[in-house]
Amino acid sequence: MSFLEYRLQTVPTGLRKVLHLNWALILLLTAVCSVGWLMLYSVAGGDLSTWAEPQMKRFAVGLTIMIAVGFVPIWFWRNISAVAYLISVGLLVTVDLMGHVGMGAQRWLNLGFIMLQPSELMKITLVMMLAAYYDWLDVKRTSRPLWVLIPVLLILIPVALVLVQPDLGTAILLMGGGAVVMFCAGVSWIYFAVVIGGGAALIAAVLASRGTPWQMLRDYQYKRIDTFLDPSTDPLGAGYHISQAKIALGSGGWTGRGYMQGTQSRLNFLPEKHTDFIFTSLAEEFGFVGACSLLALYALIIAFCISSAIQNKDRFASLVTLGIAASFFFLFAVNMLMVMGFAPVVGVPLPLVSYGGSAMMVLLTAFGIVQSAHVHRPR
Amino acid sequence: MKRSARDTDDSARTITRRALFMGGAMSAVVAVLGARLRYMQVDQADQFRMLAEENRVSIRLIPPNRGQIFDRNGRLIAGNEQNYRVVITREDAGDVEEVMHRLAQVIPLPPESIRHSIEESKKRSAFVPIVVADRISWDDMSKVAINAPSLPGVTPEVGLSRAYPLDTDFAHIVGYVGPVSDRDLAAQETPDPLLQIPQFQIGKIGVETWMEDTLRGSAGNRRIEVNAVGRVMRELERIEGQAGADLRLTIDAEVQNFCQARLGSESASVVAIDVTNGDLLAVASAPSFDPNLFVRGISYKDYAVLTENDHRPLSNKSVQGAYPPGSTFKMVTAIAAMEAGIINANTTVYCPGYYELGGRRFHCHSRGGHGHVNLDTALGKSCDVYFYDISQKVGIDKMAEVGRKLGLGERHDLPMSAITEGIMPDKAWKSERYGQEWRIGDTINASIGQGYVLASPLQLAVMTARIASGRQVLPRLVRSIGDQEVPVAEAAPLDINPAWLRAVREGMHTVSNKQHMTGYSNRIVDPAMIMAGKSGTSQVRNITAAERARGVISNDQLPWNRRDHALFVGYAPYDNPKVAVACVVEHGGGGSTVAGPIVRDVLIRILAGKMPPLTAYPESQRARIETALSELKLRDFGGPLATVASNSRA
């Protein structure tokens, strides 16, 4: 049994684990969530009960879950990885077949007590699955084609299921997270070069297929690409959102227009101001200083995760920590690139800040695993 | 699976290396994000800030209050009245239909307007107020206010709307305002943005339209903050507009009212002018109409009544009507003859009752003739033959020259609509107009103000004022604009020998004051108001030879629209002229019997400054006149100047 690899006597037990939690990480996560409450209060027009309060309650629950998950030994998480992955895939299939339609896509599964978004869950379980796979795999085989094909399939199955929904943003995030785990596990550079080259070719193919019978994306997705490439082509239609977002962001200036003084969000020019575009509200009201501060908090979270992963001698623990950090990174990076007009509007919320229970729960659970890896690291 | 220690170390090294590489890549992305933020928020901040301002700030015009119009003494002629209306806002009302039906139980609302309001409210955004009822009474307004709890979203509002408290008296002078039409917009090169405001009113005719720029004022504006769907969130700045300037006319509202009442149901006009400075004291035209009907949007039925009336209530006869001046023109013929040196006051002409020229007989109105007549008698008895004779010698061009000096054939520049220039014909005019040569018969006709000669009552009043004063009196209607008096220069002397004017004035004095003369019955006996005048009866049809053979048919036997026009011009006091009055009664019959008394009454009314005192009239007429004056339907002005300049209602 693999837990024998740990020198058990050095791993903290019982309540002593509290002292060994990565408290800096917890503080950073809380700080980011606080920024979220602040902004949700502001974009609700100074109303606590609309968004901020539910979000706080969920954070309280999420924080508890994170610590609880952190208390559970990391080998337990490794051992259930395969099962968790299979359940996630099963849920994705279920949601594709009978999910709840919201915002033009099938994403939600009503479990009675919670509206679950299986694709959110998939982001962690995929990372766990891949980390467990590389933990199991003989290091020497890492770059053998057959052993590379298996994780690629593990990634592509959920990606395909998510694309059917259709949810391009999550599909990209899944691929990114998975690829990072493979990369950190030591898969040869050559594969990545090939995939990136192939990806470029695929993008070319996607664009070329437009208007033909074998068109690869939905019309609205193409439209989003158009708008991304030139928002001014449709300033009051699809380009409206991104134009207004850029105006909000740009008008912030150095120090912003003041808390609750952002005209773009207060007067509803901003679309989805409590979810996908909440960063522009922040940038409008707190300016360059505020936006950079949040960016710095995010960067610190990533840095702490990487540092924890490097210190950890356990292969699964390192890989799962890096995979979760990378997924988190992709979340905020894609969201920010999107609202700044660097990426098409793919519907990725700002992690821990945007309103949304499911996403935050999943993220805090994921950081619980990071905590678990940190607490139970071999010493 | 058990792993060797070396494998574990290798693996850890790989992970460290790759993790650091990944961290580096992530840092690069974070740096790009930061740089992009800096570019947008710092370098381009001004540009984006401007776009954000454009988004949120909207500029709305505030319509200025329209300038008010007063009479010469400060009585309100055109003001801005508070207008009560009820509006409904869908988002506050909730169920608009339910609320509308409840409202209909509180105030009277026609079913079609209920339906219209419901449809309109569905079309507009939820926060846009829809006018449900306009111009409702104070009572209905109170009912809505009292029932407010059961009428969510319904608000009573107060707006300003043009009102003409003296209604029919000034309809022709001041005109009225109305909603801006496409034609009004097309007429202007760069239309005032105010005209785009819904329910904005501009002058349509009369002073309201000719003084539009003065009365309108300039728009104020307010900068408001709007949200993404256009709802007004708050007012950021408010710049009040400049209210339109008030006008003070030269008209005396009480005199004007007296004139309108005196004309009664006749199709007639009377113009009174201050001889000393050209101030128009009254410009009456009857019948009249209520301009308030037009402001509110006149109904088809009401409009049809006005247009189908053969007395043409919509026409301002005082300035638009061009009539053959008849014998009132004889002063022009006489002055022209004296100017030409053909006659003097003592030259006599023999009148056998007709004048023969080229085998054609031109009759005098007296079949038996007037015998030997000099200028005084010729004017006094209105002998036609005298003027036929002298006009032959002086010629039309000289007559036209004198006529023009007296203001005939000239469009007087007043802020009123459709002012006619009349016709003061001469040889050149006829050849241009008809391509025909001037005939001697034309001069004969013109000499007694028939034929081509046409003049408006305004022109006749100005002519009389010029004869009376010997000066080039120019009529004016506007006394002051805002607080600024309109300067009036003393009129230059007429380019006519004063002696000839004096001779004509003596003749006019004879007309009104010597027994057996045409105007004797219309004399004023008060020595302070002695009048000089001239009657005129102008034909509106040719009398055929057959008719003449049967004998002249009296006017009473003709249908109304074929009867003669009755005219009279006069001024008083004779020795110190102050006021000149001209009157035309369409198809009224004899000038001295119909128009003369009106001129006399108006002169006395103005000079006395009150209801004409009976002492001014000949004793034999006093009883009749007392009755007539008491029957006049005069407006109750509520005492002297009690109602000055009150714009608002309590």
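The values are calculated or read from the model by the stated rules, or taken from the named source; none is laboratory data. For clarity, every value in this text was computed on a predicted model and none was experimentally measured. Methodologically, a virtual Cβ is constructed for each residue, glycine included, from the backbone with ideal geometry; neighbour enumeration extends over all protein chains shown. We work out accessible area using only protein heavy atoms, side chains counted, and drop any ligands, DNA or RNA first. Shrake-Rupley method; radii C 1.70, N 1.55, O 1.52, S 1.80 Å.
Using just the C-alpha positions of the protein assembly as shown as equal point scatterers, what log10 of I(q)/I(0) does the Debye formula give at each q in 0.05 1/Å?
With no solvent term, the Cα-only Debye profile gives -0.57.
If you fit an axis through the alpha-carbon atoms of helix B:596-608 and take the longest principal axis of the Cα set of chain B, what angle between them do you get, 0 to 90°, nearest 10?
60
Tell me, what is the FRET efficiency for B:D46 and B:D10 to the nearest 0.05, using R0 = 56 angstrom and their Cβ-Cβ distance as r?
On the way: r = 56 Å, r/R0 = 1.00.
Given R0 = 56 Å and the Cβ-Cβ separation, E is 0.50.
On a 0 to 90 degree scale, rounded to 10, what angle separates helix B:330-339 from the longest Cα axis of chain B?
It is inclined by approximately 70 degrees.
With θ set to phi - 60° and the Karplus curve 6.51 cos²θ - 1.76 cosθ + 1.60, what are the ³J(HN,Hα) couplings of region A:157-168 in order, to the nearest whole Hz, using x for Gly and Pro?
Computed from phi, the couplings for region A:157-168 are 4, x, 4, 5, 4, 6, 5, 5, 4, x, 9, 4 Hz.
What residues of region A:247-273 lose no less than 30 Å² of accessible area with every protein chain in place versus their chain by itself (probe 1.4 Å, heavy atoms only)?
Relative to the lone chain, where solvent access is computed with a 1.4 Å probe, region A:247-273 loses at least 30 Å² at A:I247, A:L249, A:G250, A:S251, A:G253, A:W254, A:R257, A:T263, A:R266, A:L267, A:F269.
Which lysines, if any, have their Cα less than 23 Å from the Cα of B:K398, not counting same-chain residues under 8 positions apart?
Answer for B:K398, where 23 Å is the Cα cut-off: B:K330, B:K427, B:K430, B:K534, listed by chain and number.
Determine, at each q value in 0.11 (inverse angstroms), the log₁₀ of I(q)/I(0) that the Debye formula gives when each Cα of chain B is one equal point scatterer.
-1.07
Per-residue accessible area for B:W210 at 1.4 Å probe radius, Å² rounded to 10?
Answer for B:W210: close to 140 Å² accessible.
Would you calculate the separation in nanometres between label points at B:E432 and B:V106, each defined as 7 Å from the Cα along the Cα-to-beta-carbon direction?
6.6
In Å² (nearest 100), what accessible area is buried between A and B, both sides summed, heavy protein atoms only, 1.4 Å probe? Before the final figure, lay out each step's value.
Values: alone 17260 and 31640 Å², together 44590 Å².
Between A and B, the summed buried area is about 4300 Å².
Report the local net charge at B:T443: Lys and Arg +1, Asp and Glu -1, summed over other residues whose C-beta lies under 14 Å from its C-beta.
On the way: positive: B:K330, B:R360, B:K393, B:K398, B:K427, B:K430, B:R439; negative: B:D384, B:D389, B:D397, B:E401, B:D426, B:E437, B:D442.
Spelling it out: positives minus negatives among the neighbours equals 0.
Under a Cβ-Cβ cut-off of 14 Å, what is the net charge of the residues other than B:F289 that fall near it, where Lys and Arg count +1 and Asp and Glu count -1?
Values: positive: B:K204, B:R296, B:K301, B:R312, B:K317; negative: B:D167, B:D169, B:D290, B:D302, B:E308.
With Lys, Arg at +1 and Asp, Glu at -1, the net is 0.
Going from the alpha-carbon gyration tensor of chain A, what semi-axes, largest first and in whole Å, does one get by taking the root of 5 times each eigenvalue?
Working: eigenvalues 226, 148, 68 Å².
Equivalent-ellipsoid dimensions as semi-axes: 34, 27, 18 Å.
Could you provide, to the nearest whole Å², the per residue accessible area of region B:101-161 with probe 1.4 Å? Kindly include the intermediate steps, with their values, before the conclusion.
On the way: 3520 Å² over 61 residues.
I get 58 Å² per residue for this part.
Once you place label points 7 Å from the Cα toward the Cβ at B:E485 and B:Y350, how far apart are they in nm?
5.9
Non-local amide H neighbours of B:C351 (under 5 Å, H modeled in plane, Pro and chain starts lacking H): which ones?
Sorted by chain and number, the residues that satisfy this are B:H370, B:G371, B:H372, B:V373.
Can you pull the one-decimal nm distance between simple spin-label points at B:L185 and B:V525, each 7 Å off the Cα toward Cβ?
6.6
Provide the per-residue ³J(HN,Hα) series for region B:407-412, in order, calculated from phi with Karplus coefficients 6.51, -1.76, 1.60 and θ = phi - 60°, each as a whole number of Hz, with x at glycine and proline positions.
Running phi through 6.51 cos²θ - 1.76 cosθ + 1.60 with θ = phi - 60° gives x, 7, x, 10, 7, 5 Hz.
May I ask which residue of B:L454, B:H365, B:G590 lies farthest towards the positive end of the charge dipole of chain B, with charges of +1 (Lys, Arg) and -1 (Asp, Glu) on Cβ and the Cα centre as origin?
Farthest towards the positive end: B:L454.
Mind listing the long-range amide H neighbours of B:R476? Cut-off is under 5 Å, sequence gap 5 or more, other chains count too, H placed in the peptide plane at 1.01 Å from N.
Under 5 Å from the amide H of B:R476 lie the amide H atoms of B:D279, B:L280, each far enough along the sequence or on another chain.
Enumerate the calculated ³J(HN,Hα) couplings along region B:96-112 in order (Karplus 6.51 cos²θ - 1.76 cosθ + 1.60, θ = phi - 60°), each rounded to whole Hz, writing x wherever the residue is Gly or Pro.
Rounded to whole hertz, the list is 4, 4, 4, 5, 4, 5, 5, 5, 5, 7, 8, 10, x, 9, x, x, 5.
Amide H of B:Y323: which non-local residues (sequence gap of 5 or more, or other chain) have their own amide H closer than 5 Å, using H built in the peptide plane?
B:A455, B:S456
Please find, in a Gaussian network model of chain A (springs between Cα atoms separated by less than 10 Å), the residue of A:D167, A:D135, A:D219 whose mean-square fluctuation is greatest.
Result for chain A, Cα springs under 10 Å: A:D219 fluctuates most.
Among A:W214, A:W51, A:W254, which one moves the most in a GNM of chain A with springs linking Cα atoms closer than 10 Å?
A:W214
Can you tell which of A:P351, A:P213, A:P12 shows the greatest fluctuation in a Gaussian network model of chain A with Cα springs below 10 Å?
A:P213
Once neighbouring chains are kept in place and the probe is 1.4 Å, which whole percent of the accessible area of chain B is contributed by carbon and sulfur? Kindly include the intermediate steps, with their values, before the conclusion.
Details: 14410 of 29360 Å².
Carbon and sulfur: 49 percent of the exposed surface of chain B.
Dividing the alpha-carbon Rg of region B:50-160 by 2.2 N^0.38 Å yields what?
Working: Rg = 17.9 Å, N = 111, 2.2 N^0.38 = 13.2 Å.
Ratio of Rg to 2.2 N^0.38 Å for region B:50-160: 1.36.
Please provide three numbers in whole Å: the alpha-carbon extents of region B:426-498 along the principal axes, with the largest listed first.
Here the spans come out as 53, 30, 19 Å, largest first.
Using the beta-carbon distance between B:Q515 and B:M611 and R0 = 35 Å, what value does 1/(1 + (r/R0)^6) give for FRET efficiency, to the nearest 0.05? Walk me through the intermediate numbers first.
Numbers: r = 28 Å, r/R0 = 0.80.
With a Förster radius of 35 Å, E is 0.80.
Mind checking the per residue accessible area of chain A for me, 1.4 Å probe, whole number of Å²? Please list the in-between numbers first.
Numbers: 15230 Å² over 379 residues.
That works out to 40 Å² per residue.
Return the lysines within reach of A:K123: Cα separation strictly under 26 angstrom, same-chain partners fewer than 8 residues apart disregarded; answer none if there are no such residues.
A:K57, A:K273, A:K313
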